[in-house]
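Data first, discussion second: the structure below is written as structure tokens.
Please treat every number below as a calculation from the coordinates, not as lab data. These numbers were taken from a predicted model, which means no experiment stands behind them. Neighbour counts run over all protein chains shown; Cβ positions are idealised from the backbone, glycine included.
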Amino acid sequence: MRMSSYTALAAAALLLAPATTAWTSSAETLTLQPESRLWVTGTSNVRDFECTATSLTVDVISVPGAVALVASGEKGVTGVNVRVPAAQLDCKNGKMNAHMLKALKGPEFPQIAFDLTSYELATVAAGVNVTLTGDLTLGGAKKAITITAKALPADDNALKVTGTKDITLSEYGLKAPTLMMGTLKVSDVVQVHFDLLLKE
């Protein structure tokens, strides 16, 4: 008996459904631990400064056993999304906080975001070198960037990921903050540092 096109499509859907369900249910997440840090450092013509993210969200989608896989140089992570509220960057100075928020266009674009598009791993003697490629959204502008990081296994089946990335503010249409009627001028380039602890 010849199967109609409708029946064939229905049969194909039923055959694919279990595989699709199994793939979806295998996804897990790595949980960001409280001791994780993200901070920004920069220089000015007067003094250096540091601003710490007091609020940080990192969503890491992974497969089972991701920590062991990454620690051995194999891909166990399928997605990474980082969110930092611009208003939650604390520079330990009220005026600097306000100027930094204005410089980042925080009132208009309150969220700083990084979304991973791809990554590569390379095992070395001191752990695993990670090259992350993704989109950074800052002040409403989105640009592709590459970040170099290091991943190391930690206690309690956790993964420690550290790195630093230079960001040029003017590339995002931002003007570095100035204080004291322009006598203190912040450099156009700032460094973003991260020290993240992720646990299965």
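Things to note:
- A Förster distance of 41 Å, applied to the separation of the beta-carbon atoms of Ala125 and Val46, puts the FRET efficiency at 0.50.
- HN-Hα J in Hz across segment 30-45 - Karplus 6.51, -1.76, 1.60, θ = phi - 60°, x for Gly and Pro: 9, 9, 5, 8, x, 7, 5, 9, 9, 8, 10, 10, x, 10, 9, 6
- Sorted largest first, the principal axis extents computed over the alpha-carbon atoms of segment 27-199 equal 54, 27, 25 Å.
- Of the GluC sites (Glu not before Pro) found in segment 59-154, those in coil by DSSP whose Cβ has at most 14 other Cβ atoms within 10 Å are Glu74, Glu108.
- Whichever lysines have a C-alpha closer than 28 Å to that of Lys199, once near sequence neighbours (fewer than 8 apart) are set aside: Lys75, Lys150, Lys160, Lys165
- For segment 67-127, the set of trypsin sites (Lys or Arg not before Pro) satisfying both a DSSP loop assignment and a count of at most 12 other C-beta atoms within 10 Å is given as Lys92.
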